[in-house]
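As structure tokens, the structure follows; a few thoughts come after it.
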Amino acid sequence: MSSFEVVIYEKQDGIAYITLNRPQALNAYNIKMRDELYEVLGAVRDDSEVEVVILKGAGEKAFCAGADLTEFLTAPSPIIARKARFERDVWGRLLSVEQPVIAAVHGYVLGSGIEMSLCCDLRLASEDARFGLPEQGLGIIPAAGGSQTLPRTIGQAAALEMLLSGRWIDAKEALRLKLVNRVVPRADLLSEAEKLVRKILSYDRMAVRYAKQAVRRGLDLPLAKGLALEARLGKQLMAAEDKE
Ligand code: COA
């Protein structure tokens with residue numbers, strides 16, 4: 001169990017549980033959360049005991065209602081508030097985690113909330129989840145990768161509609177758009193995520209990491225290079241297994 005203020009970090013049987021923990025503010029992402037997440041993700045990435053990560057939100061109402069608006073309002077300007085967020089590349093760090101990361105989201109999944117989940121490998125949503133990007137209404141654009149990760153996940157047309165019109169979607173539509181892998185009853189969200197995790201844990205840890213890497217890195221490459229990457233990773237994996 002961790003001693004952080006706005007993030008809970010727990011580790012059990014190869015699973016790292018990271019919980020956004022500001023339920024009174026719908027787990028809004030503030031600078032403290034940025035700093036703690038940065039630290040936790042670094043620890044997780046370098047911890048050989050951690051094989052899979054589950055990211056979730058505390059409380060009944062939200063996974064995360066986006067950036068903390070009170071920080072936007074108290075900072076000298078939204079630009080300065082935003083600059084502070086760029087100082088630590090939390091999203092780059094989340095994407096650099098070699099272990100599979102599963103987001104288990106419920107309630108409000110807004111702004112940085114949806115963007116954080118998009119940096120994860122799999123997304124499980126409960127039936128009450130609602131997704132949206134309120135940035136347009138605040139005169140800003142996403143700052144946690146959303147303008148890049150959302151179209152790569154749900155396609156350009158649907159992403160642009162969410163980005164430009166600020167339209168929110170429910171869990172059913174999120175599933176139809178392939179924003180989430182699965183929708184489950186609220187009460188089963190964590191157990192379903194754990195069921196999925198246990199399946200992943202039953203496989204060879206290197207094979208799991210290499211498969212993630214092949215997909216993640218390969219998607220940024222032309223097909224021929226992606227195929228070469230797959231062949232290289234396959235050979236490396238076999239060589240590592242031979243050694244063992
Ligand atoms: N930043 C800071 N505090 C937030 C927050 C945010 N993004 N979202 C919610 N909160 C706080 C509220 O101020 C409220 O605090 P209070 O109880 O001290 O007044 C508490 O969380 C509960 O939120 P509330 O608005 O009462 O809940 P609701 O169910 O009526 O509405 C939302 C939920 C998500 C529709 C509404 O809170 C909202 O629009 N939040 C802002 C979303 C946003 O624009 N995020 C920024 C994206 S860049």
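Below is a table of values for the structure above.
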item: Flag for Glu51 being acidic (Asp, Glu), modelled with pLDDT of 95 or more and either within 10 Å of the ligand (Cβ to nearest atom) or surrounded by 17 or more Cβ atoms within 10 Å (Cβ to Cβ) (or both); result: yes
item: Among (1) away from the ligand (no atom under 13 Å from the Cβ); (2) farther than 20 Å from Leu69 by Cβ - the single one Asp128 does not satisfy; result: (1)
item: Leading residue by the ranking (farthest from Arg45 (Cα to Cα)) among those in the stretch 117-148 that are surrounded by fewer than 21 Cβ atoms within 10 Å (Cβ to Cβ) and of a type in the set (S, T, N, Q); result: Gln136
item: Residue match in the stretch 170-182 (condition: under 18 Å from the mean Cα position of the chain (by Cα), closer than 22 Å to Glu51 by Cβ and part of a strand (DSSP E or B)); result: yes
item: The stretch 112-131 residues that are assigned to a loop (DSSP other than H, G, I, E, B), paired with ones that are charged (D, E, K, R) and modelled with pLDDT of 95 or more (beta carbon under 6 Å, 6 or more apart); result: Asp128/Arg186
item: Number of the condition not met by Ser165 [criteria: (1) surrounded by 14 or more Cβ atoms within 10 Å (Cβ to Cβ); (2) of a type outside the set (Lys, Arg); (3) more than 15 Å from Glu115 (Cβ to Cβ)]; result: (1)
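The values are calculated or read from the model by the stated rules, or taken from the named source; none is laboratory data. Everything numeric here is computed off the predicted structure, so don't read it as measured data. Cβ: placed from backbone, ideal geometry, glycine included. Neighbour counts: every protein chain shown.
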